[in-house]
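Only one structure is covered here, and it is reproduced in the block below.
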Amino acid sequence: MKNLSILLASLIIACFSTSTAFAQHSSDEYAAITKTLNYYIEGGTNRDSATFAKAFMLDGQMIFMHQDTVKILPLKDFVGGMKPGEKLNRVCRITNIQIYGNAATARLELVYPTHTFIDFMNMLKTNEGWKIVNKIFYREDKPKEQSAAQTKK
């Protein structure tokens, strides 16, 4: 019975030690991933291709639906399509990040006056830091009356 108590106490201590170490590691990684996602958000919002490109591993892909057809676009083409212009009228937020070792996923919402994009990013920790290696997204148009009201604001 005494051995069982010692074993149980050891397991509890090990669990707390592991979760604390994991939480610290995850916190550092969370910050690094957020930094990469902010390159994507800020570069896109400000139409700054240099900042935008920092977020991506250019060998990756963007996959999306267009008129009931799956489209695949190399990320280098997506990044290369960034054209200078006026700052975009949108509100962006990172809604979820999940980290598993050197792999992570993130969910973002990009809200425009007429539509919202939900982006799902797959990321890897590379020698250059965290990079987006795959992006899929969903676009949801807002009802016309809601879009018109937001555009007038």
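Residue-by-condition table, conditions (1) surrounded by 16 or more Cβ atoms within 10 Å (Cβ to Cβ); (2) touching a residue at least 12 places away in the same chain (Cβ under 8 Å):
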| position | (1), (2) |
| --- | --- |
| ILE41 | yes, yes |
| ASP59 | no, yes |
| ILE63 | no, yes |
| ASP68 | no, no |
| PRO74 | no, yes |
| GLY85 | no, yes |
| ILE94 | yes, yes |
| GLN98 | no, no |
| LEU110 | yes, yes |
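Is it the case that some residue within region 36-45 is within 18 Å of GLU109 (Cβ to Cβ), touching a Gly at 6+ places or on another chain (Cβ under 9 Å) and at pLDDT 95 or above? Give the derivation first.
At the first step, the residues of region 36-45 found to be within 18 Å of GLU109 (Cβ to Cβ) are 36-45.
In the following step, the residues that additionally are touching a Gly at 6+ places or on another chain (Cβ under 9 Å) were identified as 36.
Okay, now just the ones that are also at pLDDT 95 or above, so 36.
So far as region 36-45 goes, yes, one or more of its residues are within 18 Å of GLU109 (Cβ to Cβ), touching a Gly at 6+ places or on another chain (Cβ under 9 Å) and at pLDDT 95 or above.
Which one of these is of a type outside the set (Val, Ile, Thr), in a helix (DSSP H, G or I) and over 30 Å from SER27 (Cα atoms): GLU145, GLU140?
Testing whether each residue is of a type outside the set (Val, Ile, Thr), in a helix (DSSP H, G or I) and over 30 Å from SER27 (Cα atoms) leaves just GLU145.
The values are calculated or read from the model by the stated rules, or taken from the named source; none is laboratory data. Keep in mind the model is a prediction, meaning the values are calculated, not measured. Here Cβ is always computed from backbone atoms with ideal geometry, including for glycine, and neighbour counts include all displayed protein chains.
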